[in-house]
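Values in this text are rule-based calculations from the coordinates and carry no lab data. Just so you know, these numbers come straight off a predicted model, no measurement behind them. Because the Cβ atoms are built from the backbone with ideal geometry, glycine has one as well, and the counts that use them run over all protein chains shown.
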Amino acid sequence: MTPAQTDLIETAHRIGGDRAVTTDPADIGPWLTDWRGRYRGVAPAILSPASTAETAEIVRAARNLGVAVVPQGGNTSMVGGATPPADGSALILSTRRMRAIRSIDASAGQAVAEAGVILATLHDAALGEGMRFPLTLGARGSATIGGLVSTNAGGTQVLRFGTMRRLVAGVEAVLPDGSVHDGLSALKKDNRGYDLNQLLIGAEGTLGIVTAAALTLVPAVRTRAVAWAGLASPDDALALLRRLEAATDTIESFEIVPGSSLALVIEHIPGTRMPLPGRHDWHVLIEAASGDPHASLAEMLEAQLAAAIEAGLVADAVVAVSEAQAEAFWRIRDSLSEAERSAGPAAQHDISVPVPVMPRFMVEAAAALEGAFPGTHASGFGHLGDGNVHFHVRAPAGMSAERWYAEMAPAATRMVHDLVVAAGGSISAEHGIGQMKLGELERLGPPSRLAAIRAIKSAFDPAGLFNPGKLVNLARGGAAT
Ligand code: FAD
């Protein structure tokens, strides 16, 4: 521990007392490794202020002492975004004690939640007021509002409600100089220059620490219908989605699943069963939802799917007849990553391309990868309607994880990203850059975009004290001087 770090820890203790400082290695340990277990960091302490004012005081002290900090919420980042550097040069700045939901206003359709509020807690609180926060994802039991804002998280309802960028009406944050940006007022119109709220959304903790957010709520779901369809190709899947969108504005999830991935779920995840009697090359999971208790969503989906079968777009389909069956369909979708992991090591890519391009991309990129790396299996699943799939390349049968990650996976990842860029897409659709994709962003990011990111970072945080080594590398890229 450096003398400056010791000073900061003592200052944090003076500001917030015992609960604001954790130095016991046993308590710090679980927060040093990322969710996937790929990165391991070192941090001499976790600082946990209880309020925006305490956070601002700690950040001012960190700046004066030149000590780096890593903002951390639920630590569910998929890109090593909240893991401190391995050299112990940063302290973790956790939002775990900022867990108040400051307000829920059903009539205004808005909640103000502090950064450490867990997503599932917000869901429950909104439901208690007859409302819902329409963003959900697999890590909802751990991911925090601050983390979701800072990664511009997406999930399975983006199709209808957008990512966090659309759902965040205001942001309160402590900037790297210790000043407080109060953007919670959620103005419909505000043209005072650059939009600082939007700049902080998706900044991955590199421009300061979000302390609270104003979030858009919509009426709670009163009726929902969930269906599963088997079809021949991603092209047919997208055509089906377009038909559904033309017929109704209630479709909020439309998830594509390759037949090979479904087979892995049935093989590896206990209690799952095939949703349809026959085998199909591709499947989609569809959810329609409404705040109207009398909406006839199951009937609507049945009619639409019957017409799609008639038109030759869909081979077979079923609408869930009970909540249990609907949940069983979702369990298959939510188990895809776990099932793929059981089948062996894989290089996983969270990518997007323009929606109309995605069907062809999924088929052609998979063929190109399998051709270039014999024995591998490549396929994408997920949010087809957002132009975002999780594109996985599985190692050849029998290859050890060690050999795969050392010899083949990096080249496979480069090839996937090259294909994505050639298709006009993004190497990070919803998980962010973190430390995992920093090198690839520097390799592939358009120079104008990289230069702008570096200029913004060095204007906000010239000393590079906020989340060093993530998203933007001032040292390697050359700081604006
Ligand atoms: P952390 O992991 O703690 O931090 C994430 C990043 O945000 C880091 O860079 C960190 O420094 C920064 N950060 C955290 N809190 C703050 C703050 N208050 N102020 C400033 N910076 C901060 N993402 C999707 O978009 N869609 C999905 O469908 C999806 N599914 C997932 C499923 C699983 C099982 C898991 C584990 C993750 C999934 N994710 C998904 C990733 C998702 O982005 C993160 O789970 C979530 O957004 C991060 O929240 P967190 O509180 O865990 O943040």
Open item on the list: Counting only pairs 8 or more residues apart or on different chains, how many lysine pairs in the chain have their Cα atoms under 29 Å apart?
Closed with: 5
Open item on the list: Past the 22 angstrom mark, what percentage of all C-alpha to C-alpha distances in the stretch 320-414 do you count?
Closed with: 36
Open item on the list: With +1 assigned to the C-beta of every Lys and Arg and -1 to the C-beta of every Asp and Glu, and no other charges, what is the dipole magnitude of the chain about the Cα centre in debye, to the nearest 20?
Closed with: 820
Open item on the list: How long are the semi-axes of the equivalent ellipsoid of the stretch 272-356, defined as square roots of 5 times the Cα gyration tensor eigenvalues? Whole Å, largest first.
Closed with: 26, 17, 16
TODO: Could you work out the mean projected area of the convex hull around the alpha carbons of the chain, in square nanometres to one decimal?
DONE: 23.3
- [ ] Could you tell me the distance between the Cα centroids of the stretch 121-166 and the stretch 226-252, to the nearest Å?
- [x] 23
Open item on the list: Run the helix sum for the chain: -39,500 (n - 2.57) per DSSP H stretch of 4+ residues, divided by residue count, reported at 222 nm to the nearest 500 deg cm²/dmol.
Closed with: -10500 deg cm²/dmol
TODO: Could you list the trypsin sites (Lys or Arg not before Pro) in the stretch 198-256 that lie in coil according to DSSP, counting only those with at most 14 other Cβ atoms within 10 Å of their Cβ?
DONE: 222
TODO: Go from 0 up to the bin containing the longest alpha carbon distance in the stretch 80-186, width 10 Å each, and give me the % of pairs per bin.
DONE: 13, 44, 32, 10, 1
Open item on the list: Using the Karplus curve 6.51 cos²θ - 1.76 cosθ + 1.60 with θ = phi - 60°, what ³J(HN,Hα) values do you get for each residue of the stretch 74-80, in whole Hz, with x for Gly and Pro?
Closed with: x, 6, 9, 3, 8, 10, x
- [ ] With only Lys, Arg, Asp and Glu charged, each at its Cβ (+1 for the first two, -1 for the last two), find how big the charge dipole of the stretch 173-308 is about the Cα centre; round to the nearest 20 debye.
- [x] 180
Open item on the list: Can you give me the C-alpha center-to-center distance between the stretch 296-360 and the stretch 9-72, rounded to a whole angstrom?
Closed with: 42
